[in-house]
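A.B. asks: Take this structure, written in structure tokens, and hold onto it; I'll ask about it next.
The values are calculated or read from the model by the stated rules, or taken from the named source; none is laboratory data. Quick caveat: nothing in here was measured; it's all calculated off a predicted structure. As a convention, Cβ positions derive from the backbone with ideal geometry for all residues, glycine included, and neighbour counts pool all protein chains shown.
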């Protein structure tokens, strides 16, 4: 069990009915044996009916009805004790068959210990003690931005419990279910409430968590401090927040100052270039929104041989911190890889190993000593891990197994630093790291072994809307740097993130502009060209951008331009070669460019541009200036040919 996992376990004190006068001595003795989990299991059978009722003001009331059935006539239960891994629960009430009883509640070491002493003495084989406890549990449900999130505690000891049924009741006003883990046994709507039910089998998969709403929205201000310490001209690139189709949508409000250019690298990062004068210092501020959505997670049965060869080639090699070739890494990967398993099943084995093997080092986080150790060291020093070690080890093992894997750096919203810590510290900012893996049926998918280890919840089968991506690293384990890393002075806080309710911003569209410039002097049958520039002047990214070039008189060598992704402020420029098959071509040449693209929601977007210019054949009467140009061009060709022939003869 991870050190920080939220737990809820039970101790039942047993008393033989024929030794009642020696209660205190037997209480100690039987409690000792019960801690090993064997004594009570053969004497009693337990079942739980638990309900979490969530109100619109975020109040959560927990009600438990517990039934303990005697499997022997020799013992009965005088007392029941359970521990909750939090000091937040309050206002406990309880009852047994005789009526209300007063629970004893103790808060210590971040936990709440509750003891119930029963007045009812239920004896006899087959007889049942039915009792209940109710309490309030603040903090389990939270309205964060546009969505409601519910994170319940991990229940330990489930395998020894005969039956456990859990119902979560939420107002339908919370909105539609966005994500749920584990998959509910059933759910239904009853009046103004939604009832979500889990049984023991489902709960054994991990702590329940769920979200309600359409999407999550954050507002960000990111500051980049740039400096050229040299006496010559220089340039640098900064990583702006990228879009991730299906998961993360970027809406840019401002980028001051404007970059010289913006490009998209092979990992999908948006890299803005800034040219700097000698000794220049400059601050760049990005302002905007990040909308997070929850794509369906598919886990197909496809095997390793179904992975795209180009991705395997690009994203399974060794890098600094991902020591794929190390003997220890390859040996462990081989233990976790079975050719009979699907890609998803192998990755699940790796996830379970990493979350179970590594222990999160909170002292390391508090001390600020967060040197990145790498996968190989993490494998040997399992108690020195923070998010970087969980991520690096996971990536190295996945790559060693032949599965494409990358690193994501960014910001993860958390209201619980113990169960969901951040540990990628960059001077005044604390970020987070987690892996991204490739599945044949789903594409790139994020997982978080760090939070899986610390919270006891499953961040493989389900994710959340708390992870904001700043950079994706696959081609390099060190570049690009995420926002928050561009500092000129220690202690600068450069990452500001808050929830936003400005839902309408996600409806913003990219705005494409097309500029076409034909050569100013076109003579057939000589080749000429047209410059085509496509720019995105909008606040959102254009995807799958394609330009088709047509001409009424001349031939177009590259009539289709595959531009790809254009983030806000980005542009693409092409020189299109134009040819004429006839020396007699003349008239007004018209070049048309039709651009098609998609926005984040895959809505089609179009833009057009054109230019015209007069074409003259060689025999056409020319003005004196034009005659001079043609004559000069002809002489240049003639003398070039003479020189070339002379060199060949020599």
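A.B. asks: Being under 31 Å from the mean Cα position of the chain (by Cα) and either outside the structural domain of residue 166 (by TED's automatic domain parsing) or surrounded by fewer than 15 Cβ atoms within 10 Å (Cβ to Cβ) (or both), is that true of even one residue in the range 110-123? Break it down stepwise before answering.
C.D. replies: We begin by selecting, within the range 110-123, every residue under 31 Å from the mean Cα position of the chain (by Cα); these are 110-111.
Restricting the remaining residues to those that are either outside the structural domain of residue 166 (by TED's automatic domain parsing) or surrounded by fewer than 15 Cβ atoms within 10 Å (Cβ to Cβ) (or both) gives 110.
The answer is yes, given that some residue of the range 110-123 is under 31 Å from the mean Cα position of the chain (by Cα) and either outside the structural domain of residue 166 (by TED's automatic domain parsing) or surrounded by fewer than 15 Cβ atoms within 10 Å (Cβ to Cβ) (or both).
A.B. asks: Test residue 453 against the criterion of being at pLDDT below 95 and assigned to a helix (DSSP H, G or I), and give yes or no.
C.D. replies: Against the criterion (at pLDDT below 95 and assigned to a helix (DSSP H, G or I)), residue 453 qualifies.
A.B. asks: Turning to a different aspect of this structure: Please go through the range 482-500 and give me each residue that is over 23 Å from residue 408 (Cβ atoms) and either modelled with pLDDT of 95 or more or touching a helix residue (DSSP H, G or I) at 6+ places or on another chain (Cβ under 6 Å) (or both), ordered by number.
C.D. replies: none
A.B. asks: Would you confirm, using the coordinates I've provided, whether residue 169 is closer than 16 Å to residue 55 by Cβ, at pLDDT below 95 and over 23 Å from the mean Cα position of the chain (by Cα)?
C.D. replies: Numbers: closer than 16 Å to residue 55 by Cβ: yes; at pLDDT below 95: no; over 23 Å from the mean Cα position of the chain (by Cα): yes.
Criteria not met by residue 169.
A.B. asks: Would you confirm, using the coordinates I've provided, whether residue 584 is at pLDDT below 90, loosely packed, with under 13 Cβ neighbours inside 10 Å and more than 30 Å from residue 272 (Cβ to Cβ)?
C.D. replies: Values: at pLDDT below 90: yes; loosely packed, with under 13 Cβ neighbours inside 10 Å: yes; more than 30 Å from residue 272 (Cβ to Cβ): yes.
Yes; evaluated as a whole, the condition is true for this residue.
A.B. asks: Look at residue 322 and say whether it is in contact with a helix residue (DSSP H, G or I) (Cβ under 8 Å, 6 or more places away or on another chain) and farther than 18 Å from residue 392 by Cα.
C.D. replies: Working: in contact with a helix residue (DSSP H, G or I) (Cβ under 8 Å, 6 or more places away or on another chain): yes; farther than 18 Å from residue 392 by Cα: no.
Taking the combined requirement at face value, the residue does not satisfy it.
A.B. asks: I would also like to ask the following. Only residues that are over 11 Å from residue 134 (Cα atoms) and surrounded by 12 or more Cβ atoms within 10 Å (Cβ to Cβ): list them for the range 82-105, please.
C.D. replies: Filtering the range 82-105 down to residues over 11 Å from residue 134 (Cα atoms) leaves 82-88, 96-102, 104-105.
If the condition is that a residue be over 11 Å from residue 134 (Cα atoms) and surrounded by 12 or more Cβ atoms within 10 Å (Cβ to Cβ), then 82, 83, 84, 85, 86, 87, 88, 96, 97, 101, 104, 105 are the ones that fit.
A.B. asks: Okay, next question. Just the residues that are closer than 24 Å to residue 217 by Cβ and modelled with pLDDT of 95 or more, please, taken from the range 178-203. First the steps, then the outcome.
C.D. replies: Keep residues of the range 178-203 that are closer than 24 Å to residue 217 by Cβ, which gives 178-181, 194.
Residue satisfying the conditions is 194 alone.
Okay, residues lined up against (1) assigned to a strand (DSSP E or B); (2) free of Cβ contacts under 8 Å to residues at least 24 places away in the same chain; (3) under 28 Å from residue 262 (Cα atoms):
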position	(1), (2), (3)
529	yes, no, yes
533	yes, no, yes
539	no, no, yes
549	yes, no, yes
562	yes, yes, yes
569	no, no, yes
576	yes, no, yes
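This table checks each residue for (1) touching a residue at least 60 places away in the same chain (Cβ under 8 Å); (2) assigned to a strand (DSSP E or B); (3) buried (at least 20 other Cβ atoms within 10 Å of the Cβ).
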| site | (1), (2), (3) |
| --- | --- |
| 154 | yes, no, yes |
| 165 | yes, yes, no |
| 183 | no, no, no |
| 202 | no, no, no |
| 205 | yes, no, no |
| 211 | yes, yes, yes |
| 217 | yes, yes, yes |
| 220 | yes, yes, yes |
| 224 | yes, yes, yes |
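A.B. asks: Within the bounds of the range 188-200, is there any residue that is in contact (Cβ under 8 Å) with a residue 40 or more places away in the chain, more than 22 Å from the chain's Cα centre (by Cα) and not assigned by TED's automatic domain parsing to the domain that holds residue 281? Reasoning before the result, please.
C.D. replies: Residues of the range 188-200 that are in contact (Cβ under 8 Å) with a residue 40 or more places away in the chain, as a first pass: 200.
Within this subset, residues satisfying the condition of being more than 22 Å from the chain's Cα centre (by Cα) are 200.
Now narrow it down to the ones that are not assigned by TED's automatic domain parsing to the domain that holds residue 281: 200.
Looking for residues that are in contact (Cβ under 8 Å) with a residue 40 or more places away in the chain, more than 22 Å from the chain's Cα centre (by Cα) and not assigned by TED's automatic domain parsing to the domain that holds residue 281, one finds at least one in the range 188-200, hence yes.
A.B. asks: Pick from 279, 311, 304: which is modelled with pLDDT of 95 or more and on the phi > 0 side of the Ramachandran plot? Break it down stepwise before answering.
C.D. replies: Values: 311 fails: on the phi > 0 side of the Ramachandran plot; 304 fails: on the phi > 0 side of the Ramachandran plot.
Of the residues listed, the single one that is modelled with pLDDT of 95 or more and on the phi > 0 side of the Ramachandran plot is 279.
A.B. asks: Taking residue 317, is it touching a helix residue (DSSP H, G or I) at 6+ places or on another chain (Cβ under 9 Å), in contact (Cβ under 8 Å) with a residue 40 or more places away in the chain and in a loop (DSSP other than H, G, I, E, B)?
C.D. replies: On the way: touching a helix residue (DSSP H, G or I) at 6+ places or on another chain (Cβ under 9 Å): yes; in contact (Cβ under 8 Å) with a residue 40 or more places away in the chain: yes; in a loop (DSSP other than H, G, I, E, B): yes.
Answer is yes for this residue.
A.B. asks: Ok, one more. What tally of residues in the range 42-90 results from selecting those that are farther than 23 Å from residue 156 by Cα and part of a strand (DSSP E or B)?
C.D. replies: To start, the set of residues in the range 42-90 that are farther than 23 Å from residue 156 by Cα comprises 55-59, 72-76.
Next cut, part of a strand (DSSP E or B) only: 75-76.
Of the residues in that region, 2 qualify.
A.B. asks: Can you name the residue in the range 578-603 that is assigned to a loop (DSSP other than H, G, I, E, B) and under 34 Å from the mean Cα position of the chain (by Cα) and is also farthest from residue 237 (Cα to Cα) among such residues? Give the steps one after another, and end with the answer.
C.D. replies: Kept after step one, since they are assigned to a loop (DSSP other than H, G, I, E, B), are these residues of the range 578-603: 580-586, 599-603.
Still in the running and under 34 Å from the mean Cα position of the chain (by Cα): 599-603.
Working: 599: 25, 600: 25, 601: 28, 602: 29, 603: 31 Å.
Among residues in the range 578-603 that are assigned to a loop (DSSP other than H, G, I, E, B) and under 34 Å from the mean Cα position of the chain (by Cα), the one farthest from residue 237 (Cα to Cα) is 603.
A.B. asks: If you don't mind, there's one more thing I want to ask. If you take the residues of the range 437-458 that are within 10 Å of the chain's Cα centre (by Cα) and crowded, with 24+ Cβ neighbours inside 10 Å, which of them is farthest from residue 387 (Cα to Cα)?
C.D. replies: Among residues in the range 437-458 that are within 10 Å of the chain's Cα centre (by Cα) and crowded, with 24+ Cβ neighbours inside 10 Å, the one farthest from residue 387 (Cα to Cα) is 447.
Residue by residue, here is whether (1) assigned to a helix (DSSP H, G or I); (2) under 18 Å from residue 473 (Cα atoms) holds:
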{"position": "325", "(1), (2)": "no, no"}
{"position": "332", "(1), (2)": "yes, no"}
{"position": "348", "(1), (2)": "yes, no"}
{"position": "353", "(1), (2)": "yes, no"}
{"position": "369", "(1), (2)": "no, no"}
{"position": "378", "(1), (2)": "yes, no"}
{"position": "388", "(1), (2)": "yes, yes"}
{"position": "392", "(1), (2)": "yes, yes"}
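A.B. asks: Against the condition touching a strand residue (DSSP E or B) at 6+ places or on another chain (Cβ under 9 Å), in contact (Cβ under 8 Å) with a residue 60 or more places away in the chain and assigned by TED's automatic domain parsing to the domain that holds residue 177, how does residue 133 come out, does it pass? Spell out the reasoning first.
C.D. replies: Working: touching a strand residue (DSSP E or B) at 6+ places or on another chain (Cβ under 9 Å): yes; in contact (Cβ under 8 Å) with a residue 60 or more places away in the chain: yes; assigned by TED's automatic domain parsing to the domain that holds residue 177: yes.
It is true that residue 133 is touching a strand residue (DSSP E or B) at 6+ places or on another chain (Cβ under 9 Å), in contact (Cβ under 8 Å) with a residue 60 or more places away in the chain and assigned by TED's automatic domain parsing to the domain that holds residue 177.
A.B. asks: Can you tell me which residue in the range 303-314 is farthest from the chain's Cα centre (by Cα), limited to those that are assigned to a loop (DSSP other than H, G, I, E, B) and surrounded by 15 or more Cβ atoms within 10 Å (Cβ to Cβ)?
C.D. replies: We begin by selecting, within the range 303-314, every residue assigned to a loop (DSSP other than H, G, I, E, B); these are 303, 307-308.
So of that shortlist, the ones also surrounded by 15 or more Cβ atoms within 10 Å (Cβ to Cβ) come out as 303, 307.
Values: 303: 24, 307: 21 Å.
Within the range 303-314, the match that is farthest from the chain's Cα centre (by Cα) is 303.
A.B. asks: Scan (1) within 23 Å of residue 455 (Cβ to Cβ); (2) surrounded by fewer than 16 Cβ atoms within 10 Å (Cβ to Cβ); (3) at pLDDT below 95 for the single condition residue 384 breaks and write down its number.
C.D. replies: Of (1) within 23 Å of residue 455 (Cβ to Cβ); (2) surrounded by fewer than 16 Cβ atoms within 10 Å (Cβ to Cβ); (3) at pLDDT below 95, only one is false for residue 384: (2).
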